[in-house]
Each structure stands twice: as structure tokens, then as C-alpha cells.
Amino acid sequence: MNMDMLHRISETLLERRKADPETSYTAQLMAKGPDAILKKIGEETAELIMAGKEGNRLHVVWESADVLYHMMVLLAFYGLSIEDVLQEMRRREGISGIDEKKSRKG
């Protein structure tokens, strides 16, 4: 998956906010609101944790894709895109994780 693909998926998810929930899983999820999306993120994250514990690399990839997709659905629900996350990651690049965490406490 390259950045172009992430941007295309992000754009599609933003469009799905207006889609018919009868014809789109993403639109169904968004129509249910943030609690439903967050529940799916929790479920998929738990499955990723289990895949990581079992050590099956293919399952880790599958579950990671599910977590990423549902995270991007949440972003789109709030009118955000993967670019918003990438901008934040660029801001953090080269900054110690410890220092970055301290900067958010102020």
C-alpha cells in the first residue's frame, strides 16, 4: 500500500458519508455514529492483539488492515483524512517520543 492508495481510500471514505447506508457498509457504520465506529475499532484492535500473540504474520497483516480501515472511517466521520494524520506524523518526525508526549501535557 503506498501513500496514493491511502489518499484514494481516504477520499472514498469521505464520499461514503453521503452514501446510502443500504448499499455501503461504510455508510451504515457512519450512520450509526462514532460509538459504533469506535466499537469496531476496539474489536479489530483486539483481533490484531490476538494475531500478534499467536505470531501468525498473515493474520497480523489482515487485522492491521482492518484496524487501519476502521481508523480511517472514524477520521472520515469527523471530516478528516489520512493526510491530517500524516501531517501530524511529519510534525513528530525526528522528535523523541518522550519529548513529544511531554509537549502535549502543557
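Derivation of every value follows stated rules applied to the coordinates shown; laboratory data play no part. Note that the coordinates shown come from a computational prediction; the quantities given were computed from them, not determined experimentally. We place every Cβ from the backbone using ideal geometry, glycine too, and count neighbours over all the protein chains shown.
Charging the Cβ of each Asp and Glu at -1 and of each Lys and Arg at +1, and nothing else, the dipole of segment 25-94 about its Cα centre rounds to 80 debye. Per residue, the average separation of C-alpha pairs within less than 8 Å and at least 6 apart gives the chain a relative contact order of 28 percent.
Among the helices of the chain (complete DSSP H runs), which have Cα atoms covering no less than 27 Å along the helix axis and a Kyte-Doolittle mean of at least -1.0? Qualifying helices: 34-54, 57-77. Placing one equal scatterer on every Cα of the chain and applying the Debye formula, the log10 ratio I(q)/I(0) at q = 0.13, 0.22 Å⁻¹ is -0.60, -1.17. This ranking places Asp99, Asp66 by how few other beta-carbon atoms lie within 10 Å of each, fewest first, which gives Asp99, Asp66. Ranked for footprinting exposure by Cβ neighbours inside 10 Å, fewest first, Met71, Met5 give Met5, Met71.
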